[in-house]
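The values are calculated or read from the model by the stated rules, or taken from the named source; none is laboratory data. Because the structure is a prediction, the values reported are computed rather than measured. Neighbour counts run over all protein chains shown; Cβ positions are idealised from the backbone, glycine included. Heavy atoms of the whole protein, side chains included, go into the accessibility calculation; ligands, DNA and RNA do not. Shrake-Rupley method; radii C 1.70, N 1.55, O 1.52, S 1.80 Å.
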Amino acid sequence: MAVEAGAQAPDFALQDQHGRTVRLSDFRGPGGRHVVLVFYPYAFSTTCTGELQELRDRTDAFARAGAQLLACSADSVHALRAFAEQEGIDFPLLADHWPHGAVARAYGVLDEERGRAVRGTFVIDTSGTVRWSVVNPVHEARDSEDYIKALARL
């Protein structure tokens, strides 16, 4: 079961597509930023590519809302770097590669049978509380406008 609104978001430390460590806790507290944490199954797949292109094209809207966009899959750092370069993505793509899917599991969005994240999104405030979430089936893209609306309610 996915982490629900009102729960404390599980902290994590993962490498992004450049090998830099990103910690959820780094965004907490005074002067922190809200986080939109987007889990997706695979880099380079059709639906995931479309969703991440949409997020790439809306990064200014997330910045205006005071939010940091983080996208997470069980792909390796190397695959994520190639994907980010191909698609012109500059927000962090996090590699939940080893232990395989541990962060997706902590958020309740790991497809254990296939070893991939499902389409879960979590809006997390600066206190580390999940304020809004949505989980879609693997084949069903999410609407990033819903994330912007959730941020506006913070």
- line: Measuring from its Cα centre, the stretch 98-146 shows a charge dipole (+1 at each Lys and Arg Cβ, -1 at each Asp and Glu Cβ) which, in debye to the nearest 20, is 180 debye
- prompt: HN-Hα J couplings of the stretch 51-59 from phi, Karplus 6.51/-1.76/1.60, θ = phi - 60°, integer Hz, Gly and Pro as x?
  reply: 5, 6, 5, 4, 5, 4, 6, 10, 4
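So if I place +1 on the C-beta of Lys and Arg and -1 on the C-beta of Asp and Glu, and nothing else carries charge, what would the dipole magnitude of the chain be about its Cα centre? I want it in debye, nearest 20.
That gives a dipole near 380 debye.
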- prompt: How many Å² of accessible area per residue for the chain, probe 1.4 Å?
  reply: 47 Å²
field: Average projection area in nm² (convex hull over Cα atoms of the stretch 1-63, one quarter of hull surface)
entry: 5.9 nm²
task: Could you go through the stretch 78-85 in sequence order and give the Karplus-derived ³J(HN,Hα) for each residue, using 6.51 cos²θ - 1.76 cosθ + 1.60 with θ = phi - 60°, rounded to whole Hz, and x for Gly and Pro?
output: 5, 5, 5, 5, 4, 5, 4, 5
Sulfur and carbon atoms: percent of accessible area, the chain [1.4 Å]: 49 percent
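Scaled to the compact-protein estimate 2.2 N^0.38 Å, what is the alpha-carbon radius of gyration of the chain, rounded to two decimal places? Intermediate results must be reported in sequence, preceding the final value.
Details: Rg = 13.9 Å, N = 154, 2.2 N^0.38 = 14.9 Å.
In units of the 2.2 N^0.38 Å rule of thumb, it is 0.93.
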